[in-house]
Amino acid sequence: MDKYKEHFWRNIRAKLEQWERAETITYEDVYRFFHNIAGTAAVIGMEELGEKARRLMKRLEEESRNVLWTPEALKEHVYELMHWYYDETYRDIPPHFSLSKAAVEEAPLVLMIDDDPLFLMFMKEHMEKKGWYIVTVAQPEKAVAQFYEVKPDCIVIDVHMNGTDGLIVLKELKAALGPQFVPTVIISADDREEVRLQSYALGADDFIVKPFSLSEFLIRVNRLVERKRQLEALLLVDELTRLYNRKYLPEAYRQFESERERHGDPYCIALLDLDHFKKINDQYGHLVGDEVLREFAALLRNGTRPNDLAFRFGGEEFLLFLPKTPQQDAIEVIERLRDQFRSRSFSGGNKVFHCTFSCGIVEVNAGGAVLDDWLEQADAALYAAKNGGRDRTVVAEKLDGRQQRKTVKMAIVDDDVIVRTIVADLLDHIARDRKEQCEVRAFADGLSFVESSWHEDRSPCLVILDGVMPKMDGLEVLRRLRSRRDASRYRVIMLTMRQSEEDIARALQLGADDYITKPFKRLELEARVSRLLKRM
């Protein structure tokens, strides 16, 4: 971009930043802004931009000349210019992902554990070009926690890491896995027989010597991922709890609906969620958390009728189909289960603790609805139970329609007004497609975000964070977030320039969940945000 175009856009940025700080903006100021763009753009070789500005002027002329805009209301008039500028400036940059958002969400997820962030960056870049989604862990001591969070399709571990033996990490992961099958690959520059034998004895599915051919590495890992998917396609039972998994839900619903249509008897769907389960994992460890899940599953199996069906719905959430059961009877069943579960004791270390669960119930008494409709009602009732204090049961029909949904907060922290506005617009677009209540907010620098009370409630918060900013850079913001007691509430995507390998490496060491390099394609960012939101 030549110096005249740079100066032109610098002036536009200055005006946009001025408007962002203003309480109101006049019609005359906006009209003059577009008039100047229309007059100058064509002269310096930006004819298409000039034409867009003229169209926006005509749109303005159709509105009242006495209108005063707030910065928020004005944004829709300038979005088109910002998106045009960004797309035009970076149209020749190849996307990091060549997949659609839906394809990225279904892509195999590989968890890579290595204390060398430059190696992680190299592998992440090349593996994601092949259509995989890579989660990196540069802090090996957090490997087990990351495994529970991301539920990978394959795990890759380096043997030799500063202060950490990769084989110890492998042993801990295999203990966490229990009967579950997640293929594990050991990579190492140490090709001694004793290292290879020990790796296989601890449960490694493959051992690849560094340096290796990337093509061969991808083929060997892909073979393991495909084997896992083939096994999962045959399984209808959750490996940890031995309850049905979600794959059997559509068939079960079809059978229950057929039975209801023949006999006219209503049935109930109950969603159950263990209260404060994350605190159990954090305080007593994931192995203790797994034991709680198994005990709860056993309660559902043994404490219900033979025709009732129990599912592990996901994480610490479970589902019950209660056939030929009106809602009052379903409440009695759940209350009995809640009493039984509350009385059970668990031990973690030298401490004994108790657990409770919350439940949302919906009565299925009419046809014409799909399963997701009933699940959404049950989920709303469950959220009302959680929001009402937990350890309680709420029935969907008793909701007053004003129940708030779980809130997810999404922040963009960037000092570039155009990037900030474009990303905020993208987050708004993503938020409209989600069931949760979403709040999006933009911050012009790191300090204003850190000092804001907006994200200080207990809501999960996704932060898209620029690396280089005035007042407080993104790495310092990330460091502060990761030092918080509630650090697990935050998911962070770092924005960084392509040449800033050291900043990316530092971000991975500090615990960034993902990173994306500027300039980025909006589709790529949308895919990464959507995948990360699934983990929240």
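Couple of notes before you dig in:
- Backbone N within region 376-397 under 11 Å of label point (7 Å from THR356 Cα along the Cβ vector): 386, 388-393
- Whole-percent carbon and sulfur share, accessible surface of region 269-309, 1.4 Å: 52 percent
- GLU502 paired with ARG484, simple spin-label distance in nm, labels 7 Å along Cα-to-beta-carbon: 2.9 nm
- Size of charge dipole - region 373-489 - debye, nearest 20, with Cβ of Lys, Arg +1 and Asp, Glu -1, no other charges: 600 debye
- Charges were assigned to the Cβ only: +1 to each Lys and Arg, -1 to each Asp and Glu. The resulting dipole of the chain about its Cα centre is roughly 600 debye.
- A Förster distance of 22 Å, applied to the separation of the beta-carbon atoms of VAL43 and TRP84, puts the FRET efficiency at 0.80.
- Dipole-positive endmost among ALA381, MET472, PHE33 within the chain (Cβ charges, Cα centre): ALA381
- Computed with a 1.4 Å probe over protein heavy atoms only, the accessible surface of region 285-331 comes to 38 Å² per residue.
- Of LYS174/LYS210; LYS142/LYS534; LYS5/LYS75; LYS151/LYS386; LYS406/LYS435; LYS142/LYS174, pairs whose Cα-Cα distance is over 18 Å: LYS174/LYS210; LYS142/LYS534; LYS5/LYS75; LYS151/LYS386
- Loop-located trypsin sites (Lys or Arg not before Pro) in region 148-239 (DSSP state other than H, G, I, E, B) with a sparse environment of at most 15 neighbouring Cβ atoms within 10 Å: ARG192.
- Folded to 0 to 90 degrees: helix 3-21 orientation relative to the chain principal axis, Cα: 60 degrees
- Think of region 124-265 as a dipole: +1 on every Lys or Arg Cβ, -1 on every Asp or Glu Cβ, centred on the Cα centre; then among ILE187, VAL169, VAL221, VAL221 lies furthest on the positive end.
- Residues of region 244-274 with amide N under 19 Å of the 7 Å Cα→Cβ point at SER343: none
- Rolling a 1.4 angstrom probe over region 136-265 with all protein chains present gives an accessible area of which 51% lies on carbon and sulfur atoms.
- Rounded if a/c under 1.5, otherwise prolate or oblate - the chain, Cα gyration tensor axes: oblate
The values are calculated or read from the model by the stated rules, or taken from the named source; none is laboratory data. The shown structure was predicted, so the numbers you read here are calculated from the model rather than taken from an experiment. Note that we place each Cβ from the backbone using ideal geometry, even for glycine, and neighbour counts take in every protein chain shown. Protein only, heavy atoms only, side chains kept; ligands, DNA and RNA dropped before computing areas. Shrake-Rupley method; radii C 1.70, N 1.55, O 1.52, S 1.80 Å.
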